[in-house]
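The values are calculated or read from the model by the stated rules, or taken from the named source; none is laboratory data. These figures come from a predicted structure and were not determined experimentally. Cβ: placed from backbone, ideal geometry, glycine included. Neighbour counts: every protein chain shown.
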Amino acid sequence: MQPINIVVLVDSIAALSKGTLSDNVHLTDDHSLSQGKGTAMLRTVCCPGQWLRWKVLAVDVQSPAVIAGIDFLPWDDVPEASGVDPDIDRYVMPRWRAWTGLVPCDTPPGRYRYRLALQMGSGGQSVIFINSPSIDVLG
């Protein structure tokens, strides 16, 4: 089974100045059945046992962005939101420009939203997250 490549394109300057990734981040992947490509609402279609590879690219090369964290969310408890994360100490160093994860083989079919946290620059306002992307695990 081929890995799925997910590209995260971020306008770091706009995200930092507005304090949100909404309208400042665009995700796409290379799976033909995925939905929401080019938006923050990407729904990546995948299968149990498949590798997912995220890579972040900044629009402005002078303002690089790195992945601070990817966390899967309980479906009902977390609104689709974006904002500055006030607790940046919870992210483990180092930060990554790319991150790879395996969909566990025992994952039931369904949609799983995740929080994507990106770090741009340094300081208390440097980590911004978005809760809207998801994976759709097929049976």
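The table that follows gives values for the structure above.
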{"quantity": "Residue count for region 27-44, restricted to those that are in a strand (DSSP E or B) and either among the small types (G, A, S) or buried (at least 19 other Cβ atoms within 10 Å of the Cβ) (or both)", "calculated": "4"}
{"quantity": "Neighbours by Cβ (under 9 Å, 6+ apart or cross-chain): first from region 45-66, of a type in the set (K, R) and part of a strand (DSSP E or B); second buried (at least 16 other Cβ atoms within 10 Å of the Cβ) and modelled with pLDDT under 95", "calculated": "R53/W99; K55/I67; K55/W99"}
{"quantity": "Within region 94-139, considering residues that are among the hydrophobic types (A, V, I, L, M, F, W, C) and assigned to a loop (DSSP other than H, G, I, E, B), the one surrounded by the fewest Cβ atoms within 10 Å (Cβ to Cβ)", "calculated": "C105"}
{"quantity": "Filter result for V84 (exposed (fewer than 13 other Cβ atoms within 10 Å of the Cβ), of a type outside the set (S, T, Y) and modelled with pLDDT under 95)", "calculated": "no"}
{"quantity": "Count - residues of region 1-26 that are of a type in the set (S, T, Y) and in a loop (DSSP other than H, G, I, E, B)", "calculated": "2"}
